[in-house]
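Contents: one structure, followed by commentary.
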Amino acid sequence: MKLKKIHHVAVICSDYQTSKDFYVRILGLTPISEVYREERDSYKLDLAVGGQYQIELFSFPNPPARPNRPEALGLRHLAFEVDNIEEEVAELVKHDIKVEPIRIDPFTNKKYTFFNDPDGLPLELYER
């Protein structure tokens, strides 16, 4: 097997319009395409992240809740690389998004912090 890169990350949301607003307006991701699949009563929004990776934002009727403990089994969090973590944290705070205190990775000496999307999905900012 020769994996080249991560192609996309799929996120299922409980309120499509709220999550779309969060990922597009607040996080600044660029919509690539949006489709409504009537047979599934489901939206799918493809979002560009820095022109390189892609997030697929899905809506489904009545999705089960995500286990929200820090060490729950499965995907732990989604991390975004940023140039200046303090500037990005200030932008999130302007939108009343709670952000954890900035920490230093003891192995890389890089700054990082966590916040949540509208459904509680843990998101990380990691400074280059």
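Residue by residue through the stretch 46-53, which ³J(HN,Hα) values in whole Hz follow from phi under the Karplus form 6.51 cos²θ - 1.76 cosθ + 1.60 (θ = phi - 60°), with glycine and proline marked x?
These are the phi-based 3J(HN,Hα) values: 8, 10, 8, 10, x, x, 10, 10 Hz.
Please list, in order along the stretch 93-100, the HN-Hα scalar couplings obtained from phi with the Karplus expression 6.51 cos²θ - 1.76 cosθ + 1.60 (θ = phi - 60°), rounded to whole Hz, x for Gly and Pro.
4, 4, 9, 6, 9, 6, 10, 5
With a cut-off of 8 Å between alpha carbons and a minimum separation of six or more residues, what is the relative contact order of the chain in percent?
Computed value for the chain: 22 percent relative contact order.
Taking amide H positions as placed 1.01 Å from N in the peptide plane, with prolines and chain starts having none, which residues 5 or more places from Val82, or on another chain, fall under 5 Å of its amide H?
Amide H neighbours of Val82: Tyr126, Glu127, Arg128.
Under 5 Å between amide H atoms, partner at least 5 residues away or on a different chain: which partners does Asp117 have, H built in plane at 1.01 Å?
Under 5 Å from the amide H of Asp117 lie the amide H atoms of Leu123, each far enough along the sequence or on another chain.
According to a simple spin-label model (label point 7 Å from Cα along Cα-to-Cβ), what is the distance in nm between Met1 and Val35?
It works out to 2.6 nm between the two label points.
If the chain between Asp96 and Lys44 were fully stretched, how many nm would it gain, using 0.36 nm times the residue separation less the Cα-Cα distance?
Stretched out fully, the Asp96 to Lys44 stretch lengthens by 16.1 nm.
What net charge is computed for the residues neighbouring Pro31, neighbours being all others with C-beta under 10 Å from the C-beta of Pro31, Lys and Arg scored +1, Asp and Glu -1?
Details: positive: Lys20; negative: Glu34, Asp46.
Surrounding charge for Pro31 is -1.
Would you please classify the overall shape of the stretch 1-62 from the alpha carbon gyration tensor, given that a ≥ b ≥ c denote the square roots of the eigenvalues, rounded means a/c under 1.5, and beyond that prolate means a/b larger than b/c while oblate covers the rest?
oblate
Could I have the simple spin-label model distance between Glu81 and Ile26, label points 7 Å from Cα toward Cβ, reported in nm to one decimal?
For Glu81 paired with Ile26, the spin-label model returns 2.5 nm.
Round to the nearest 0.05 the FRET efficiency obtained for Glu56 and Asn109 when R0 = 25 Å and r is the Cβ-Cβ distance.
Efficiency, from the Cβ-Cβ distance: 0.15.
With +1 on each Lys and Arg Cβ and -1 on each Asp and Glu Cβ, how big is the dipole of the stretch 1-62 about its Cα centre, in debye rounded to the nearest 20?
420
How large is the helix-only mean residue ellipticity at 222 nm for the chain, computed as the sum of -39500 (n - 2.57) over DSSP H runs with n ≥ 4, divided by its residue count, in deg cm²/dmol to the nearest 500?
Helix contribution divided over all residues of the chain: -3500 deg cm²/dmol.
Please list log₁₀ I(q)/I(0) at q = 0.15, 0.17, 0.22 Å⁻¹ for the stretch 19-128, using the Debye equation with identical point scatterers on the alpha-carbon positions.
Log10 I(q)/I(0), no solvent term: -0.74, -0.94, -1.39.
Report, in debye and to the nearest 20, how large the dipole of the stretch 5-119 comes out about its Cα centre when Lys and Arg carry +1 and Asp and Glu carry -1 on their Cβ.
320
Read-outs throughout are calculated quantities, based only on the coordinates presented, and are distinct from any laboratory measurement. These numbers were taken from a predicted model, which means no experiment stands behind them. All Cβ positions, glycine included, derive from the backbone under ideal geometry; neighbour counts span all protein chains shown.
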